[in-house]
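K.L.:
To start, I am sharing the structure in question, which I have written as structure tokens.
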Amino acid sequence: MLDISNIPSSQQQTFTFYATGNWQTWSKPRGAKFIEIFCVGGGAAGVAPTLSPGTGTGGAGGGSAGIVRGLIPAFLLPDTLYILVGKGGIGSSTPAPGPNGGISYIALQPSTSEQTLICKSSTTTASGGIGTAGGSGATISIVSLSAFGNLGLFTAIAGVNGNNSGSGSEAGGGQAALATNLTTGGGGGGGKIPTAFGVGGSITAASAILTSTVNGGTTTGQNGASGYGTLKPFCGTGGGGGAGIQGSSGSGGNGGDGFYGCGGAGSGGSSTVSAKAGNGGDGIIIITVIC
């Protein structure tokens, strides 16, 4: 194609990397002029509550991951980059803090040392829910700490906190998608008492892109729905919280899983059988080459 005044052509190649738990490699194609990077970490898991035949609480939702996007002239990069995509936290039925999400890295060597990094999705991980308190969103990535981040232009975005759970017959907390960020935390689980239950927290989505609400459980012991989203444009939601169980026996609803980078939901208050908290969404890295 005719190259006029060194303006990049419309030819593009896109490479998508998913969370495998291992380093992956990316090779720079011939003729590359610019590299666009979209780097998302893993969301944190929700938490399961302590069993209580009487008055009990639900579990809280996990926080969402950080995001970094950038543009780098290809001639400044080596022929191979190393990619590590953060995994989402795995929810369980054990009443312990929800596992954190993992940070995603793009590096010159298979190392998370700042001296080798092009960028990382956040400075700290998205944290899981702790008891009734929602987990924290990942803190914004400080790109200037990575020496080779100075090769390009970067924008960093912090994660979103997860939601608190309900106590007794209270509902779990929820939040709106696309309110301030491309991702959301997970909904909180509803509480329970022997004669009533709290509904799970929902993720509302009143927009032209995410048009369906992710519902928390609305009947006794009902599971929360899993989050969803799109890659074009990139955006997504955390899971809906599980409903508490009405009565002195049985399990509350499971928490829903999160979309890429989003938080898992807390499970509903349970009497004698544990409900599972939702998983945080895995991270994802997308590299687009402009030729």
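The values are calculated or read from the model by the stated rules, or taken from the named source; none is laboratory data. Computed from a prediction, not measured in an experiment: that's the story for all the values here. All Cβ positions, even for glycine, are placed from backbone atoms using ideal geometry, and neighbour counts span all protein chains on display.
K.L.:
When both residues are 6+ apart or on different chains and their Cβ atoms are under 9 Å apart, which pairs have a first residue that lies in segment 141-163 and is free of Cβ contacts under 8 Å to residues at least 24 places away in the same chain, and a second that is assigned to a loop (DSSP other than H, G, I, E, B)?
P.N.:
Pairs that qualify, where the first residue is free of Cβ contacts under 8 Å to residues at least 24 places away in the same chain and the partner is assigned to a loop (DSSP other than H, G, I, E, B), are 142/123.
K.L.:
In segment 245-260, is there at least one residue being surrounded by fewer than 24 Cβ atoms within 10 Å (Cβ to Cβ) and without any contact (Cβ under 8 Å) to a residue 12 or more places away in the chain?
P.N.:
No, there is no match, as no residue in segment 245-260 is surrounded by fewer than 24 Cβ atoms within 10 Å (Cβ to Cβ) and without any contact (Cβ under 8 Å) to a residue 12 or more places away in the chain.
K.L.:
In segment 13-58, what residues are over 24 Å from the mean Cα position of the chain (by Cα), part of a strand (DSSP E or B) and surrounded by fewer than 13 Cβ atoms within 10 Å (Cβ to Cβ)?
P.N.:
Passing the criteria: 13, 27.
K.L.:
For residue 235, which of the numbered conditions (1) outside any strand (DSSP E or B); (2) closer than 26 Å to residue 105 by Cα; (3) at pLDDT 95 or above; (4) not aromatic (Phe, Trp, Tyr) fails to hold?
P.N.:
Looking at each condition in turn, residue 235 falls short on (1).
K.L.:
Would you check if residue 132 is surrounded by 18 or more Cβ atoms within 10 Å (Cβ to Cβ) and among the polar types (S, T, N, Q)?
P.N.:
Judged against the criteria, residue 132 is a match.
K.L.:
May I pose another question? Take segment 80-116 and flag every residue that is assigned to a loop (DSSP other than H, G, I, E, B), surrounded by fewer than 20 Cβ atoms within 10 Å (Cβ to Cβ) and touching a Ser or Thr at 6+ places or on another chain (Cβ under 6 Å).
P.N.:
93, 95, 108, 109
K.L.:
Among the residues of segment 20-38, is there at least one that is modelled with pLDDT of 95 or more and under 25 Å from residue 163 (Cβ atoms)?
P.N.:
For segment 20-38, residues modelled with pLDDT of 95 or more and under 25 Å from residue 163 (Cβ atoms): absent.
K.L.:
Kindly indicate the residue of segment 117-133 that is small (Gly, Ala, Ser) and in a loop (DSSP other than H, G, I, E, B) and also nearest to residue 82 (Cα to Cα) among those meeting that condition.
P.N.:
Pass one, segment 117-133, residues small (Gly, Ala, Ser): 121-122, 126-129, 131, 133.
This time we only want the ones that are in a loop (DSSP other than H, G, I, E, B), so: 121-122, 126-129, 131.
Details: 121: 14, 122: 17, 126: 22, 127: 25, 128: 27, 129: 31, 131: 37 Å.
The qualifying residue nearest to residue 82 (Cα to Cα) is 121.
K.L.:
In addition: Somewhere in segment 63-73, is a residue more than 15 Å from the chain's Cα centre (by Cα), touching a residue at least 24 places away in the same chain (Cβ under 8 Å) and assigned to a loop (DSSP other than H, G, I, E, B)?
P.N.:
Within segment 63-73 (the criterion being more than 15 Å from the chain's Cα centre (by Cα), touching a residue at least 24 places away in the same chain (Cβ under 8 Å) and assigned to a loop (DSSP other than H, G, I, E, B)), the answer is no, since none of the residues qualifies.
K.L.:
For segment 134-167: of the residues being part of a helix (DSSP H, G or I) and either over 28 Å from residue 98 (Cβ atoms) or aromatic (Phe, Trp, Tyr) (or both), which is modelled with the lowest pLDDT?
P.N.:
Taking segment 134-167 and keeping what is part of a helix (DSSP H, G or I), we get 143-145, 147-151.
Okay, now just the ones that are also either over 28 Å from residue 98 (Cβ atoms) or aromatic (Phe, Trp, Tyr) (or both), so 144, 147-151.
Working: 144: 71, 147: 80, 148: 88, 149: 86, 150: 86, 151: 90.
Looking at the filtered set, the residue picked out is 144.
K.L.:
If the requirement is being out of contact with any strand residue (DSSP E or B) (no Cβ under 8 Å at 6 or more places or on another chain), on the phi < 0 side of the Ramachandran plot and either modelled with pLDDT of 95 or more or hydrophobic (A, V, I, L, M, F, W, C) (or both), which of these qualifies: 83, 130? Let's see the steps before the verdict.
P.N.:
Values: 83 fails: out of contact with any strand residue (DSSP E or B) (no Cβ under 8 Å at 6 or more places or on another chain).
When all the criteria are applied, what remains is 130.
K.L.:
While we're on this one: Tell me which of these residue 51 doesn't satisfy, since it passes every other one: (1) under 28 Å from residue 193 (Cβ atoms); (2) hydrophobic (A, V, I, L, M, F, W, C); (3) modelled with pLDDT of 95 or more.
P.N.:
It fails just one condition, (3).
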